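For reference, the structure is listed below as structure tokens.
The values are calculated or read from the model by the stated rules, or taken from the named source; none is laboratory data. Being a predicted model, the structure only gives us computed values, none of them experimental. Here the Cβ positions follow ideal geometry from the backbone for every residue, glycine too, while neighbour counts run over all protein chains shown. Note: areas computed on protein heavy atoms with side chains; ligands, DNA, RNA excluded. Shrake-Rupley method; radii C 1.70, N 1.55, O 1.52, S 1.80 Å.
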Amino acid sequence: MSDQHRLDAPDPDGKRGEKHTAGAFDIRNFIGALLGLYGLILLVMGIFGDQALQKTGGVNANLWAGIVLLLMSAFFFVWARIKPIVVPEHVEPVDDDPVRPAPKRRPTGS
């Protein structure tokens with residue numbers, strides 16, 4: 001039987017093509033959410049708050065920083081969606097390191 005035919009054969013469990021991804025727990029989603037939150041705050045402050053144009057040389061710094069942060073937030077969300085982190089099905093347990101000493105117990109008692 002050829003390799004290609006074996007790859008196309010149905011899986012008895014139906015899970016062959018299914019990958020388990022990090023999903024919402026991907027660090028890029030957390031970074032994107034924080035950047036988006038800060039960007040939204042700066043965008044609102046740039047529109048409605050004190051623009052302080054004299055301090056920034058005539059540039060609305062909050063507005064532009066908010067826009068850039070929102071764009072970076074969108075980049076992180078799109079990146080996490082396009083190239084998700086695949087979590088392995090089985091991870092070998094970590095063996096104890098014989099070189100590292102065991103943690104010492106605190107004295108309990110009087």
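List pairs: first residue in the stretch 84-97 and more than 26 Å from N29 (Cβ to Cβ), second residue loosely packed, with under 10 Cβ neighbours inside 10 Å anywhere in the structure, Cβ distance under 9 angstrom, at least six positions apart or on different chains.
Between residues of the stretch 84-97 that are more than 26 Å from N29 (Cβ to Cβ) and residues that are loosely packed, with under 10 Cβ neighbours inside 10 Å, the close pairs are D96/A102.
Take the stretch 52-73 and flag every residue that is part of a loop (DSSP other than H, G, I, E, B) and hydrophobic (A, V, I, L, M, F, W, C).
Of everything in the stretch 52-73, those that are part of a loop (DSSP other than H, G, I, E, B) and hydrophobic (A, V, I, L, M, F, W, C) turn out to be A52, L53, V59.
Answer yes or no as to whether L53 is touching a helix residue (DSSP H, G or I) at 6+ places or on another chain (Cβ under 6 Å) and free of Cβ contacts under 8 Å to residues at least 24 places away in the same chain.
no
Provide a single number: the residues in the stretch 60-85 that are open to solvent by 70 Å² or more (accessible area, probe 1.4 Å) and either more than 28 Å from A22 (Cα to Cα) or hydroxyl-bearing (S, T, Y) (or both).
Adding up the residues that qualify gives 1.
Being exposed (fewer than 11 other Cβ atoms within 10 Å of the Cβ) and either aliphatic (A, V, I, L, M) or part of a helix (DSSP H, G or I) (or both) is the filter here, so list the residues in the stretch 15-51 that pass it.
Selection gives A24, F25, F48.
If you check I67 against the conditions, is it modelled with pLDDT of 80 or more and touching a strand residue (DSSP E or B) at 6+ places or on another chain (Cβ under 9 Å)?
no
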